[in-house]
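A.B. asks: Below is a structure I'd like to ask you about.
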Amino acid sequence: MDRSQFEEVVQTLSADDDRQKFATVASRLLNPRSLDVDTSARDVLRNCDSSLLSNPETSDQAWFLLTELSDQWIVNSTDIDCLIDLADWLDANNAPVGRALRLANRIAWSSRGMGTPVSSLLASGRDSNSVGSLFLVATLLERRRFLFQGKQILRAISELSAISNLYLELTYVRAMKSFALLLAGGKRDIPQALELNDLAWNDTSQIDSVGAIRDICLHGLWVGNLIPNQGELLLRRCDEYVEEAHRFGLRPDNAIVLFRRAGAQRMLALFEESIETIDELLNGLSGSSEFIRTFSEQIIRERELAQLGLTFEKLRSDVDGAAVRLAEAEGKLNQSEARLGEIEHQGLTRNVQIISIFTAAVAFAVGVAGITTKSGNAPLSAVLISVSLGVGLLGFVFLIFLVTRTREEVSPFQNQKKLTWTVITSFLALMVSIIAVAGTFIGRGSK
């Protein structure tokens with residue numbers, strides 16, 4: 001295939017075509033069933049005119065086709081140098097950083113099980129600031145990110161620093177290190193991880209790479225279970241992404257960002273909002289690629305978690321409501337038991353009071369009759385003794401009345417001090433009456 005033929009193929013495509021169409025065309029050009037797939041791929045790259053990549057009318061189509069071709073090439077190749085050839089091709093054609101990162105992301109997803117050593121791809125003499133080098137670094141680290149291999153990412157970054165310390169200054173590498181620390185680090189690593197995350201997020205010096213870097217930052221916040229206020233921070237970052245999307249040429253309705261947002265809402269127990277976000281995402285999802293199938297499974301799992309959380313929240317609400325109702329019922333039962341006890345006490349008190357009054361009345365009648373008989377012709381003495389006896393008996397009745405009443409019933413006294421003095425006064429009145437009666441009888445006996 002020469003350059004003109006490749007150009008004709010590109011011009012038959014449209015940027016709005018389904019991804020499957022680009023994959024079909026790439027497969028025809030590459031012929032993966034042949035024994036020389038590497039030769040076919042290199043031939044296509046060699047004949048790809050750089051003008052097709054820079055022309056706004058053909059740029060998207062050419063890049064989409066090359067992405068599909070590179071993806072199939074790496075998956076079907078047995079030559080480790082294929083990634084190096086792609087990196088060299090990106091450098092030779094002055095590929096934009098954003099295109100190179102998207103290409104690395106796509107290839108890493110399809111070949112995430114291939115653990116290529118760092119030293120096999122990045123030689124010490126390679127320019128660490130070139131787009132091709134960034135492509136190789138991204139492919140190495142993205143493969144490990146898609147497998148959630150946090151410790152292996154940190155090990156790979158350490159190997160990169162041994163080749164050149166300049167790799168550690170790349171914003172992309174900072175974002176990846178933040179992701180690895182949030183994923184595999186401990187609580188002591190959280191401050192450093194969040195600091196790196198902030199540095200990577202706020203570095204917008206290369207607008208073309210902002211989308212890829214912020215995707216890693218959001219992924220790190222999503223997996224960082226040890227982050228204080230994880231859901232709140234992740235939701236705020238998602239909102240910032242949407243607000244600034246047009247500034248960096250990004251899509252505000254990015255499916256991955258919506259997925260992260262749904263996870264943040266679930267973390268904040270906003271289960272209904274999370275389900276709404278997921279349903280919106282599912283309604284806009286289409287395609288049959290491996291990525292779409294895997295991603296849709298993750299979305300459905302996220303929806304199940306949100307639905308489960310909503311169910312538990314309703315159950316907890318029902319349990320809390322039942323506990324409140326039970327407490328109210330127990331309170332009413334305790335009040336009823338207290339009231340029954342009070343009524344029982346009042347009944348016994350009334351019986352004691354009645355018996356006391358009856359006994360006092362009988363004692364008074366008998367006492368008066370006895371006093372009258374013994375007084376003879378001294379009516380004044382009989383009256384005085386009778387009055388003293390009556391006051392004593394009344395004091396006795398009043399004392400019984402006070403002692404047998406509950407504190408709640410003694411409303412005239414209001415407090416314990418007044419009640420105590422009343423009891424003492426009644427007791428003294430009783431004693432005075434007894435002494436008066438006794439004194440009268442003693443005086444009569446002496447006569």
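A.B. asks: Which of the numbered conditions does Leu13 fail, given that it passes all the others? Conditions: (1) at pLDDT 85 or above; (2) hydrophobic (A, V, I, L, M, F, W, C); (3) more than 22 Å from Asn93 (Cα to Cα).
C.D. replies: (3)
Results for (1) touching a residue at least 12 places away in the same chain (Cβ under 8 Å); (2) acidic (Asp, Glu); (3) surrounded by fewer than 17 Cβ atoms within 10 Å (Cβ to Cβ), shown as yes or no for each residue.
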{"position": "Ser50", "(1), (2), (3)": "yes, no, yes"}
{"position": "Leu53", "(1), (2), (3)": "yes, no, no"}
{"position": "Pro56", "(1), (2), (3)": "no, no, yes"}
{"position": "Ser59", "(1), (2), (3)": "no, no, no"}
{"position": "Leu69", "(1), (2), (3)": "yes, no, no"}
{"position": "Val75", "(1), (2), (3)": "yes, no, yes"}
{"position": "Ile80", "(1), (2), (3)": "yes, no, yes"}
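Yes/no per residue for (1) surrounded by fewer than 24 Cβ atoms within 10 Å (Cβ to Cβ); (2) under 27 Å from Glu297 (Cβ atoms):
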site: Glu169; (1), (2): yes, no
site: Leu182; (1), (2): no, yes
site: Leu199; (1), (2): yes, no
site: Ser209; (1), (2): no, no
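A.B. asks: Then there's this: Please find, among Asp16, Asp36, Asp43, the residue that is free of Cβ contacts under 8 Å to residues at least 60 places away in the same chain and closer than 24 Å to Ser289 by Cα. Before you say what the answer is, go through the steps one by one.
C.D. replies: Numbers: Asp36 fails: closer than 24 Å to Ser289 by Cα; Asp43 fails: closer than 24 Å to Ser289 by Cα.
Answer to the check: Asp16.
A.B. asks: Any residue at all in the stretch 25-35 that's modelled with pLDDT under 85, among the polar types (S, T, N, Q), more than 30 Å from Arg144 (Cβ to Cβ) and surrounded by fewer than 18 Cβ atoms within 10 Å (Cβ to Cβ)?
C.D. replies: Looking through the stretch 25-35, at least one residue is modelled with pLDDT under 85, among the polar types (S, T, N, Q), more than 30 Å from Arg144 (Cβ to Cβ) and surrounded by fewer than 18 Cβ atoms within 10 Å (Cβ to Cβ).
A.B. asks: Output the number of the condition that Ser14 fails; it satisfies all remaining conditions of (1) outside any loop (DSSP other than H, G, I, E, B); (2) of a type in the set (Gly, Ala, Ser); (3) within 24 Å of Leu285 (Cα to Cα).
C.D. replies: (1)
A.B. asks: While we're looking at this one, here's another question. Hey, can you tell me all the residues within the stretch 251-272 that are touching a helix residue (DSSP H, G or I) at 6+ places or on another chain (Cβ under 7 Å), more than 26 Å from Gly150 (Cβ to Cβ) and buried (at least 16 other Cβ atoms within 10 Å of the Cβ)?
C.D. replies: Phe271
A.B. asks: Where residues in the stretch 45-96 are charged (D, E, K, R) and assigned to a helix (DSSP H, G or I), which of them is nearest to Gln20 (Cα to Cα)?
C.D. replies: In the first step, residues of the stretch 45-96 are kept if they are charged (D, E, K, R); the result is 46, 49, 57, 60, 68, 71, 79, 81, 85, 88, 91.
Next, only the ones that are assigned to a helix (DSSP H, G or I) stay: 46, 60, 68, 71, 81, 85, 88, 91.
Details: Arg46: 24, Asp60: 15, Glu68: 9, Asp71: 13, Asp81: 27, Asp85: 25, Asp88: 27, Asp91: 28 Å.
In this case the residue turns out to be Glu68.
A.B. asks: Now for a different question. Can you tell me which condition Thr139 does not meet? The list is (1) farther than 16 Å from Arg112 by Cβ; (2) of a type in the set (Ser, Thr, Tyr); (3) in a helix (DSSP H, G or I), and all the others hold.
C.D. replies: So Thr139 meets the others, but not (1).
A.B. asks: While we're on this one: What number of residues within the stretch 45-101 are in contact with a Gly (Cβ under 9 Å, 6 or more places away or on another chain) and under 22 Å from Ser120 (Cα atoms)? I'd like the intermediate steps shown before the answer.
C.D. replies: Within the stretch 45-101, the first condition is being in contact with a Gly (Cβ under 9 Å, 6 or more places away or on another chain), and the residues that meet it are 84, 86-92, 95, 98, 100-101.
Restricting the remaining residues to those that are under 22 Å from Ser120 (Cα atoms) gives 84, 86-92, 100-101.
Count: 10.
A.B. asks: Among residues belonging to the stretch 109-135 that are touching a Leu at 6+ places or on another chain (Cβ under 8 Å) and assigned to a helix (DSSP H, G or I), point out the one that is modelled with the lowest pLDDT.
C.D. replies: Leu121
The values are calculated or read from the model by the stated rules, or taken from the named source; none is laboratory data. Note that the coordinates shown come from a computational prediction; the quantities given were computed from them, not determined experimentally. Counting neighbours? That spans all protein chains shown, and the Cβs are built from the backbone with ideal geometry, glycine included.
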